[in-house]
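Report on one structure; see the data block that follows.
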Amino acid sequence: MSEKDYKKQMKQLAKEVKTEGGVYQIKNLHNDKIYIGSTPNIKTLNGVKFTLKTNTHQNKELQKEWNTYGADAFSIEMLETIKREEEKALSKKDLLKLEAKWLEKLQPYGEKGYHSPKADTKEK
């Protein structure tokens, strides 16, 4: 098999892999504050953890408390997952709509979370 055929076969296999995305929650177990985010691929949650560990997460308040309390004081869990349809990526628009639903439901503002009502659509 040529290198070109091999690459073509690998691309096709990647398209066939079912990817799950959705909305996740990072919860501070010390004070119960939550952060809501979305991702087109739940495997990228390792990247979210990496940004927190390297002090580069976009949400400065969450980052500050992560630095204060440490990784063991936080849990990360999926709130809702959706599978991408074959050959079609999960759209950012659909993910943001799903995220907005969870923001509305959980109200992670002020003492309850790391979001500000005006900024949560701009953070993505």
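The values are calculated or read from the model by the stated rules, or taken from the named source; none is laboratory data. Fair warning: this is a prediction, and the values are worked out from it, not measured in the lab. Glycine also receives a Cβ, built like all others from the backbone with ideal geometry; neighbour counts cover every protein chain displayed. Calculation scope for accessible area: heavy atoms of the full protein, side chains included, ligands and nucleic acids excluded. Shrake-Rupley method; radii C 1.70, N 1.55, O 1.52, S 1.80 Å.
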Identify the residue in the stretch 19-51 that is among the aromatic types (Phe, Trp, Tyr) and without any contact (Cβ under 8 Å) to a residue 60 or more places away in the chain and, among all such residues, is farthest from Ala71 (Cα to Cα).
Tyr24
Filter pass, Lys15 being modelled with pLDDT under 80, within 24 Å of Ser91 (Cα to Cα) and not aromatic (Phe, Trp, Tyr):
yes
Might you let me know whether the stretch 49-62 holds any residue that is in a loop (DSSP other than H, G, I, E, B), open to solvent by less than 30 Å² (accessible area, probe 1.4 Å), closer than 19 Å to Ala100 by Cβ and not hydrophobic (A, V, I, L, M, F, W, C)?
yes
Got a sec? Which of Ala73, Ala100 is in contact with a Leu (Cβ under 8 Å, 6 or more places away or on another chain) and at pLDDT 90 or above?
Ala73
